[in-house]
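The values are calculated or read from the model by the stated rules, or taken from the named source; none is laboratory data. Fair warning: this is a prediction, and the values are worked out from it, not measured in the lab. Cβ atoms come from the backbone with ideal geometry, glycine included; neighbour counts cover every protein chain shown.
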Amino acid sequence: MSTIASKSAFPVLHSGDHLTFDEFVERAANTKEFSHAELIQGIVFVTPAQRYRFHGQPLSIVTALLTVYMLDTPGTEFGTQTTVKLDDRNGPEPDLFLRLMPIRQGLCDVNDKDYLAGPPELVVEVAASSVSFDLYEKKDMYEEAGVLEYLVWRTEDEQIDCFRLVEGRYQKVVVENGVWESTTFPGLRLDLNALLRYELQLARKTLQEGMNSEVYLQFQKVIS
């Protein structure tokens, strides 16, 4: 008796595939040839290998700062490179996010399949330049989903773009004195010039000044 080799029940994930969120995570779990992939407006984007100075190093600096903020701020949670289900057509993997937990009436939570569901309040992406899809398809997606604050560090361009959701649309924030301050997370201050120069100690000092402010202390007392 002749036999016919059966095809895999889970086709390999490719950039450009049009899938639902459930199809995306099912195929991603059975595709071993890549490290990261995202679903943006129903289309799969497989992430290429990332460079150190243009991605890994800036990512680690912001990670350190957001971790400090989270550790001292009850009711907040920081995460990195985690698939987020925004809806059936969007499952991005933000480089970094900071969220308000349910005890603070946050916009997202962990679902029964262990995916973050709903928009984190703050998303930070590290991109190469202004032509990156982080400032186009992903920006539109985060805006539509209701991510309150969105930062894009364009490493090759040496710029950091800051957006805030106002009446359902992103407005670019004019940053005074080079220091961005969150309106969602009181006391969270990022010295953009220090970040662009990779001066972690100065950035840490600016953050601590924000966390010493009265508005931060009041925010902290709400939960503690």
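Being within 23 Å of V166 (Cα to Cα) and either part of a loop (DSSP other than H, G, I, E, B) or touching a Pro at 6+ places or on another chain (Cβ under 8 Å) (or both) is the filter here, so list the residues in segment 105-125 that pass it.
Within segment 105-125, the first condition is being within 23 Å of V166 (Cα to Cα), and the residues that meet it are 105-109, 117-125.
Result: Q105, G106, L107, C108, D109, G118, P119, P120, E121, V123, V124, E125.
In this structure, does E144 turn out to be within 29 Å of S15 (Cα to Cα) and of a type in the set (D, E)? Working first, answer last.
Working: within 29 Å of S15 (Cα to Cα): yes; of a type in the set (D, E): yes.
When the stated conditions are applied, E144 passes them.
Can you find a residue in segment 160-179 that is modelled with pLDDT of 95 or more, in contact with a strand residue (DSSP E or B) (Cβ under 9 Å, 6 or more places away or on another chain) and under 22 Å from L71 (Cβ atoms)? Outline the logic, then answer.
Of all residues in segment 160-179, those modelled with pLDDT of 95 or more come to 160-173, 178-179.
With in contact with a strand residue (DSSP E or B) (Cβ under 9 Å, 6 or more places away or on another chain) added as a condition, the list becomes 160-165, 170-173, 178-179.
Now restrict to residues that are under 22 Å from L71 (Cβ atoms): 179.
Yes, there is a match, as at least one residue in segment 160-179 is modelled with pLDDT of 95 or more, in contact with a strand residue (DSSP E or B) (Cβ under 9 Å, 6 or more places away or on another chain) and under 22 Å from L71 (Cβ atoms).
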Take the conditions within 16 Å of the chain's Cα centre (by Cα), modelled with pLDDT of 95 or more, more than 17 Å from V152 (Cβ to Cβ) and not β-branched (V, I, T) and apply them to A37. Does it pass?
no
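Considering each residue of segment 13-28, count those that are part of a loop (DSSP other than H, G, I, E, B), within 21 Å of the chain's Cα centre (by Cα) and under 17 Å from F133 (Cβ atoms), and give that number.
Summing the residues that are part of a loop (DSSP other than H, G, I, E, B), within 21 Å of the chain's Cα centre (by Cα) and under 17 Å from F133 (Cβ atoms) in segment 13-28 gives 1.
Residue by residue, here is whether (1) at positive phi; (2) hydroxyl-bearing (S, T, Y); (3) not in a loop (DSSP other than H, G, I, E, B) holds:
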site: L39; (1), (2), (3): no, no, yes
site: V46; (1), (2), (3): no, no, yes
site: Q50; (1), (2), (3): no, no, no
site: G56; (1), (2), (3): no, no, yes
site: T63; (1), (2), (3): no, yes, yes
site: V68; (1), (2), (3): no, no, yes
Some residue of segment 91-103 being crowded, with 17+ Cβ neighbours inside 10 Å, in a strand (DSSP E or B) and more than 12 Å from the chain's Cα centre (by Cα):
yes
Select from segment 110-139 the residues that are touching a residue at least 60 places away in the same chain (Cβ under 8 Å) and of a type in the set (A, V, I, L, M, F, W, C) and write down the one among them that is nearest to M70 (Cα to Cα).
L122
Residues of segment 177-224 satisfying the condition of being aromatic (F, W, Y), under 21 Å from the mean Cα position of the chain (by Cα) and crowded, with 19+ Cβ neighbours inside 10 Å:
W180, F185
Of the residues in segment 124-139 that are out of contact with any helix residue (DSSP H, G or I) (no Cβ under 6 Å at 6 or more places or on another chain) and buried (at least 18 other Cβ atoms within 10 Å of the Cβ), the one that is farthest from K85 (Cα to Cα) is S132
